[in-house]
1. What number of residues in the stretch 435-452 are surrounded by fewer than 21 Cβ atoms within 10 Å (Cβ to Cβ) and within 16 Å of GLY373 (Cα to Cα)?
2. Select from the stretch 571-604 the residues that are under 39 Å from the mean Cα position of the chain (by Cα) and at pLDDT below 50 and write down the one among them that is surrounded by the fewest Cβ atoms within 10 Å (Cβ to Cβ).
3. Only residues that are more than 41 Å from the chain's Cα centre (by Cα) and surrounded by fewer than 12 Cβ atoms within 10 Å (Cβ to Cβ): list them for the stretch 191-228, please.
4. Within the set of pairs 6 or more residues apart or between chains, which connect a residue that is assigned by TED's automatic domain parsing to the domain that holds ALA157 inside the stretch 181-210 to a residue that is of a type in the set (Val, Ile, Thr) and in a helix (DSSP H, G or I) with Cβ atoms less than 6 Å apart?
5. Hey, does the stretch 140-163 have a residue that's outside any helix (DSSP H, G or I), free of Cβ contacts under 8 Å to residues at least 40 places away in the same chain and assigned by TED's automatic domain parsing to the domain that holds SER29?
6. Would you mention how many residues in the stretch 527-563 are within 37 Å of the chain's Cα centre (by Cα), under 21 Å from ASN591 (Cα atoms) and assigned to a strand (DSSP E or B)?
Amino acid sequence: MRLAQHISTWIGRLGDASLTEEASAGLRSEQSEALFRSVAPGVLAAAAGATLLSALLVHLHVITVVRGIAWALSIVGCAAAHVVLRALYYRTPYVNRSWRRWPYAFTAICLAEGLGWGWAPVYLVADNQFDSKMLIMAITIAISAGSIPTFSPYLPAALSFFLGATIPYTLVSLVASNPMQQASSVMMILYIVTVGGLGVIASRNFKELVGLRLQTIDLAEGLRVQKELAERANVAKSNFLATASHDLRQPIHALGLFVGVLRNVAMPAEGLRLVEQIEASAAAMDSLFSALLDISRLDAGIVEVRPRAFHIQPLLDRICRDHVEEAQAKGIALVSAKCRAVVNADPILIERIVRNLVSNAVRYTSQGRVLVGCRRGAELRVEVWDTGPGIPLDQQEAVFQEYFQLGNPERNREKGLGLGLAIVKRLADLVGSDLRLRSQPGRGSCFSMSIPFAPRDMLELEGGGESPTVSSARALIVVVDDEIAIREAMAALLSSWGHEVITAGSGEEVLARMASCPERPGLVVCDYRLRAGETGIDVIDALRSEYNEAIPAMLITGDTAPDRLVEARASGLLLLHKPVPNGKLRAAVANLIQGAPRDAEERS
């Protein structure tokens, strides 16, 4: 066994001297698996060959029965040792299959079996029986050649068997008195060099294949680790943005409420101008936060697609009308080509996609024009052309990534956050639209999206209903928010609209205040995330249980975390996001007080 270890160690260094110890361990583990997986058929065939050869030589009276049986049993014994070793190997737990122990034992058996075959043509028959020696040698050559593909995964085992079976006859024949036997030794040398060389090549090829597979596994594992790190970083980024967005929305929401109160205060023209500027700045910040909210809602999977049939042209006209002043201020033309198509899609989501594309086109075009039109085919393609700077080919995929902006290294907030096209891409995927970009630097860009046509009989007449009006009904409104500034601003604004207001910072506080109030609240306006883990849903449920009535209620939140958005939406309550424009807040309050139907989730 120790001799086999030395031979195995020395031969094993051939072809893999450049491998590290760790790489060698992994490689030889694979070699062991390959050896024991394929050993049984080869050694059993060799045992059968030895038995038949021994019986034939005895039958021909070339050797005695005792000598024949003894030699055959030695070969059969080696084959049995291989089979037993294989059984022990596979019964051993995988983690305990040390490559140093098992291949060494395997190589020792190979050496013993090879020497058994190598001894046969030299000592099994007499020197003057050259024809019998050739018969034995022919079988030995066949067996030794078969050992190369069987044992080549582990070169020490292959060479131990091969050289043990061929070298003894070759050395003895070199000094033999028979010229034919001497000539056969020369041929044996050629055979040993050729077939042995093929064995070395086969072993190296096996090592290379295993090495490539191990490298692939390492690369896949590295990719998995990097993917997990990226996912954790993305979650951390989302949590940070959600927290930062919530904390920043609170004072901005309060600012908007106070601006609404100021509009009802008599003041000189200069004061009104300043109020308008403050309101415009608050609206700009609101648009930035709305982009973050859009991404969060899309990530949360709470944006529903509600397709219906509608004319596409009124939607395009409305979008162009909203951006025409901005285009004129830049000296560019904004043109909408007429289209009478009727499509079947969600008009709100389609409008958000096209509005983003038109807004981007106007923003980044400094001369020329922006054209909005449609092209008919299997589906309608809405196209937005511009004569802006264009987008290089290598960056056309990147523009749809979050926070990516071309030509804005200083992060000018007037150019947004770089979320517009990321939202467009996600919305297009959501509605099943084929979004395309064609662009050439210096000549402009064309963004287009596909929308399926709708049969004429699916069209619902638009504008048939009456426009909602803000009700003049007055009610007792309960405001629950843990921010004092927001409570005060909300109370002042709602009071200026003629409502009676009770404010509180928690569910316990509002229940205590309502205990001394004989009037049932007509509406509850509650912040979603309160202190000490309390939510607005808990407070609203407590108030409804106290009065045993389904009191109208709404949630207002500055939270953009996807899981919280899902939870808030699941409550079935109207959900508004801070900062809430005063007009939208007033309409929501009026609708809830008068019991008007409304969506459970703000979609606009």
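1. Looking only at that region, the number is 8.
2. SER604
3. Scanning the stretch 191-228 gives VAL193, THR194, GLY197.
4. Pairs found: none.
5. no
6. So the count comes out to 5.
A quick yes/no check of all residues on (1) at pLDDT 85 or above; (2) surrounded by 23 or more Cβ atoms within 10 Å (Cβ to Cβ):
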| position | (1), (2) |
| --- | --- |
| TYR94 | no, no |
| THR107 | yes, yes |
| LEU115 | yes, no |
| TRP119 | yes, no |
| ILE139 | yes, no |
| ALA142 | yes, no |
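The values are calculated or read from the model by the stated rules, or taken from the named source; none is laboratory data. Values in this document were obtained by computation on a predicted structure and should not be read as measured data. Every residue, glycine as well, gets a Cβ built from its backbone with ideal geometry; the counts of neighbours run over all protein chains shown.
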